[in-house]
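First comes the structure, then the notes that go with it.
The values are calculated or read from the model by the stated rules, or taken from the named source; none is laboratory data. In this text the structure is predicted, and so the values were computed from the model without any measurement. Note that each Cβ is placed from the backbone with ideal geometry, even for glycine, and that neighbours are counted across all protein chains shown.
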Amino acid sequence: MPTTDPALFMDHPHATKHIDHAAYPKLCRSRSDAELLYVIADCRATLEAWPDQPNHGYYADEINYCADELARRRRGGKRRRPTTDEIAAAAARAAWDLAEHLDN
């Protein structure tokens, strides 16, 4: 049976992490706003520092799921799927909020 443990493949030059698209949104719901903001900022910093890395898609997915959860909370928990503009706006607000938080 093939293994799915990503740690076993991290030395491979083309190793990539794969996000669990069913579990990650649930994880985001359990995180605080501050934790979601931190994840967004951390992923953005990683992507800016190393834009052509093999895990680019994973970090982009993390940003999207965290921004989606923040937007869902701002809509009062309604289940409507946010537009691309709403996701981008939530991510921008999250980055701004985190920057202000870190400056204080």
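At-a-glance table
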| item | result |
| --- | --- |
| Some residue of region 81-96 being modelled with pLDDT of 85 or more and surrounded by fewer than 11 Cβ atoms within 10 Å (Cβ to Cβ) | yes |
| Answer from Asp61, Asp52, Asp42 - the residue that is outside any helix (DSSP H, G or I) and either at pLDDT 90 or above or among the charged types (D, E, K, R) (or both) | Asp52 |
| Condition met for Thr46 (over 14 Å from the mean Cα position of the chain (by Cα) and of a type in the set (S, T, N, Q)) | no |
| The listed residue being of a type in the set (Asp, Glu), surrounded by 15 or more Cβ atoms within 10 Å (Cβ to Cβ) and either more than 25 Å from His18 (Cα to Cα) or in contact with a Phe, Trp or Tyr (Cβ under 8 Å, 6 or more places away or on another chain) (or both), out of Asp68, Asp61 | Asp61 |
